[in-house]
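Where a number appears in this text, it was derived from the coordinates with a stated rule and is not lab data. What you see is a predicted model; the values in this text were computed from it and never measured. Here Cβ is always computed from backbone atoms with ideal geometry, including for glycine, and neighbour counts include all displayed protein chains.
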Amino acid sequence: MTPLTPTPTTPATAPHTSPERHAAAGPALILVATRKGAWLYRSDAQRQEWEVDGPHFLGHIINHLVLDPRDGRTLLAAASTGHLGPTIFRSTDLGKRWSEATRPPAFAPAADASGRAVNHTFWLTPCHADEPGAWYAGTSPQGLFRSEDGGASWAPFSCINDDADYRRWMGTVQDGTPDGPKLHSILVDPRDPAHLYFAMSGGGVHESRDGGRSFAPLLKGLEVVEGFDVSDPTFHDPHCVRMCPTNPDRLYQQNHCGIYRLDRPGDTWVRIGRAMPAEVGDIGFPLVVHPRDADTAWVFPMDGQSVWPRTSPDGRPAAYVTRDGGERWQRLDDGLPTQQAWWTVKRQAMCADTHEPVGLYFGTTSGELWASADEGASWRCIARHLPEIYAVEAALPA
Amino acid sequence: MKVLIPTPLRSYTDGAREVAAHGATLADVLADLDHQFPGIRFRMIDEQGRTRPHMRIFVNGVAVFDLDRPLADRDEIAIVQALSGG
């Protein structure tokens, strides 16, 4: 391990506090998945100094690296390479030793040439707390899978992988994101394991209330690119959907066409991104929710003008926070470059820990890992020169 | 028969560049390899039975795309990866 000692900075604004909720304390663990491997960053109790553990799987594409919050020690890594098929690696000792899934996510064989093949697993979500060892996976092309044995073996889940409507809404590789159409943002209602959401790029947001036996689109209020049929899920491109931990009836979404909030049992998304500064816009990839305050969420805007550079607007990176459910947004850029920083932050590459105050983390496609120990009021770089960062997850080891 | 393993797959063969496998067809040999080295086949062949992109299998120096290709014990199989890109 290599110790890293960042320069302390002073918060520009006071972080939100909510002492009525349980907050984590002690060291933080940040899991970084990149195009060329995975790294683990461990902090001291103050989240001021960081040690790096890695690379793990050097040269492998790691799309997502997730710690099981139910045991605090099982890691799953969604892996592939440019040349080998996709698989899942598992560790039950926080990455000291890894083993490969005996049956990675794979579509059912088809009788004809129309059968799809998983290109890579993109998203991993632990199932409900009452379902220990169970996981969901979302893949590219879009597929939903479930493991009952801690990620060792996987099977297609639900009807959507082969449902005629869903297959139409999923489109083809031609319709998806540049590195493949994806199923992502698999959300589990902490009050009810049968209440699920997922999103597809493209293909929209979908909900199940029967444990995945059926899903239905949840699109009302969402916009699509001008000229396309807003009623057709095919044309919807949710980039990242999050459920508020302390209010599972509230969802936030960063979409290709803006930032939205949905309060259930309502079914109409509200474009809260309209309140963002016009010169910044409300296009981006990640969205992060506060672990204890459902009114607070963060985004990291990208330039969505003309040819969609998908870089920080005007070369000046910033997170934006709302603390009132999207009525107002505040720019958070203290410590970030003030010019000529053309960053891209992918949809899985920003996260929050559960400390008090909340720590925020994001990784860039140019391989920098940034952290804030004060809810975004100030930022500092804790790692440089990494490969293209795909995903950043905060974890609480046992 | 002899099977040459490319470096990206040697994590399955405990580092061995050459292993022995048996089968009357290429599909049988791949199944035998997977029996000996669990998981190795899926990294080469997808769930629809298609050889993955960038993956080639040569029998006696000739690229073979038909997994039902009959094999003899003296045949030599080379699994090759077309490494490319950055």
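Residues A:S80, A:S114, ranked from the fewest to the most other C-beta atoms within 10 Å, line up as A:S114, A:S80.
For the peptides B:14-21, A:366-373, the ranking by mean Cβ contacts within 10 Å, running from highest to lowest, is A:366-373, B:14-21.
Taking a ≥ b ≥ c as the square roots of the eigenvalues of the alpha carbon gyration tensor, region A:88-141 is prolate, as a/c is not under 1.5 and a/b beats b/c.
In units of the compact-protein estimate 2.2 N^0.38 Å, the protein assembly as shown shows a Cα radius of gyration of 1.00. With θ taken as phi - 60° and the Karplus curve 6.51 cos²θ - 1.76 cosθ + 1.60 applied, the whole-hertz 3J(HN,Hα) list for region A:221-228 is x, 7, 9, 10, 4, 3, x, 9 Hz, x standing for glycine and proline. Only the Cβ atoms of Lys and Arg (+1) and of Asp and Glu (-1) were treated as charged; on that basis the dipole of the protein assembly as shown about its Cα centre amounts to roughly 660 debye. For the peptide A:113-124, the mean number of other protein chain Cβ atoms found within 10 angstrom of a residue's Cβ is 2.
Taking only the C-alpha atoms of region A:273-312, Rg followed by Dmax gives 11.6, 38 Å. Given the C-alpha centroids of region A:67-129 and region A:269-332, what is the distance between them in whole angstrom? So the separation of the two Cα centres works out to 31 Å. Over region A:220-352, the pair-distance histogram of Cα-Cα distances with 5 Å bins from zero comes to 2, 11, 21, 24, 20, 13, 6, 2, 0 percent, rounded to whole numbers. Among the residues of B:6-17, the average count of other protein chain beta-carbon atoms within 10 Å of the residue beta-carbon is 1.
Taking the Cα atoms of chain B, the ratio Rg/Rh between the radius of gyration and the Kirkwood radius comes to 0.92.
Distance between the 7 Å Cα→Cβ label points at A:E388 and A:S214: 4.1 nm.
For chain A, relative contact order (Cα pairs under 8 Å, six or more residues apart, normalised by length) works out to 14 percent. For chain B, the mean residue ellipticity at 222 nm estimated from helices alone is -5000 deg cm²/dmol, where every DSSP H run of n ≥ 4 contributes -39500 (n - 2.57) and the total is divided by all residues, rounded to the nearest 500. Note on chain A: with a GNM built from Cα contacts shorter than 10 Å, the maximum mean-square fluctuation among A:G115, A:G273, A:G304 falls on A:G115. Projecting the Cα atoms of B:Q48, A:P181, A:T338 onto the dipole axis of the protein assembly as shown, where Lys and Arg carry +1 and Asp and Glu carry -1 at the beta carbon, places A:T338 farthest toward the positive end. Counting Cβ atoms of other protein chains within 10 Å of each Cβ in A:319-329 and taking the mean gives 0. Between A:Q305 and A:E279, the modelled label-to-label distance comes to 1.0 nm, taking each label 7 Å out from Cα in the direction of the beta carbon. With the helix formula -39500 (n - 2.57) applied to DSSP H stretches of n ≥ 4, chain A reaches a computed 222 nm mean residue ellipticity of -500 deg cm²/dmol. Remark: region A:189-201, residue by residue, has Karplus-estimated 3J(HN,Hα) of 5, x, 8, 7, x, 8, 9, 10, 10, 8, 10, 9, 10 Hz, where x stands for each Gly or Pro and the curve is 6.51 cos²θ - 1.76 cosθ + 1.60 at θ = phi - 60°. Rounded to the nearest whole Hz, the Karplus-based 3J(HN,Hα) values (6.51 cos²θ - 1.76 cosθ + 1.60, θ = phi - 60°) of region A:254-263 follow the sequence 9, 10, 4, 10, x, 9, 9, 10, 9, 10, with x at glycine and proline.
Residues B:Y12, A:Y41 in ascending order of nearby Cβ atoms (within 10 Å, fewest first): B:Y12, A:Y41. The separation of region A:28-50 from region B:1-76, counted between C-alpha centres, amounts to 38 Å. Report, as a whole number in µm² per second, the diffusion coefficient that Stokes-Einstein gives for region A:44-180 at 37 °C and 0.692 mPa s using the Kirkwood radius over alpha carbon pairs. Reported coefficient: 204 µm²/s. Among A:T338, A:T311, A:T34, the ranking by other beta carbons within 10 Å of each residue's beta carbon, starting with the fewest, stands as A:T338, A:T311, A:T34. The amide H of B:R52, built 1.01 Å from its N in the peptide plane, has B:I45, B:D46 as neighbours under 5 Å, considering only residues 5 or more places off or on other chains. Computed over region A:125-215, the P(r) curve from all C-alpha pair distances, binned at 10 Å from the origin, holds 18, 51, 27, 4 percent per bin. Database remark: amide H of A:N119 closer than 5 angstrom to the amide H of A:S140 (H placed geometrically; neighbours at sequence offset of 5 or more, or on other chains; Pro and chain starts carry no H). Using Cβ point charges alone (K and R +1, D and E -1), the dipole size of region A:295-366 about the Cα centre works out to roughly 300 debye. Taken along the Cα-to-beta-carbon direction at a fixed 7 Å, the label points for A:D93 and B:H35 span 3.2 nm.
Listed by chain and number, the aspartates and glutamates whose alpha-carbon sits under 17 Å from that of A:K96, ignoring those within fewer than 8 places in the same chain, are A:E51, A:D53, A:D68, A:D71. Given their separation in residues at 0.36 nm each and the Cα-Cα distance between them, A:T338 and A:R264 gain 22.7 nm when the chain is fully extended.
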